[in-house]
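See below for the structure under consideration.
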Amino acid sequence: MAVVSLGSHQQFQKALFLLDRGEIERGETMLREVLNAAERAEDRGLLATVRLCLGQLLIELGRAEEAMGLLRRVAALDEYDDLVAHERRQAIEALSRLDEQ
């Protein structure tokens with residue numbers, strides 16, 4: 001398994017900072033860039049975190065259909081994998097809330 005560079009983790013933090021500042025478009029773009037890097041590096045932990053974050057953002061933006069694919073991928077992860085357990089629970093909760101709407 002390849003390792004994601006520290007740069008990807010820093011980019012993720014920068015994306016969160018942009019979102020906190022209200023720069024939604026730039027933050028979303030950066031999240032997608034980090035997602036691509038994590039996919040190439042096969043970093044399960046970062047993949048789960050970014051997919052969850054992007055999925056939650058898309059829900060907030062009214063793009064639930066787009067979010068569901070990301071959240072389902074996180075929810076389908078191994079429930080006994082401590083590396084992604086928190087993200088998995090959060091994704092399942094987000095999907096449940098979408099189903100209730």
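Throughout, read-outs are computed from the coordinates displayed, never taken from laboratory work. This is a predicted model, so every value here is computed, not measured. All Cβ positions, glycine included, derive from the backbone under ideal geometry; neighbour counts span all protein chains shown.
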Whole-number percent relative contact order across the chain, with pairs defined as alpha carbons under 8 Å at least 6 apart: 21
Principal axis lengths of the range 37-93 from Cα atoms, whole Å, largest first? 30, 25, 13
Determine, for each peptide in 58-64, 37-43, the mean count of other beta carbons within 10 angstrom over its residues, then list the peptides with the highest first. 37-43, 58-64
P(r) for the chain, please, calculated from all Cα pair distances in 5 Å bins and given in %. 2, 14, 24, 24, 21, 12, 3, 1
With +1 on the Cβ of every Lys and Arg and -1 on the Cβ of every Asp and Glu, and nothing else charged, how large is the dipole of the chain about its Cα centre, in debye rounded to the nearest 20? 200
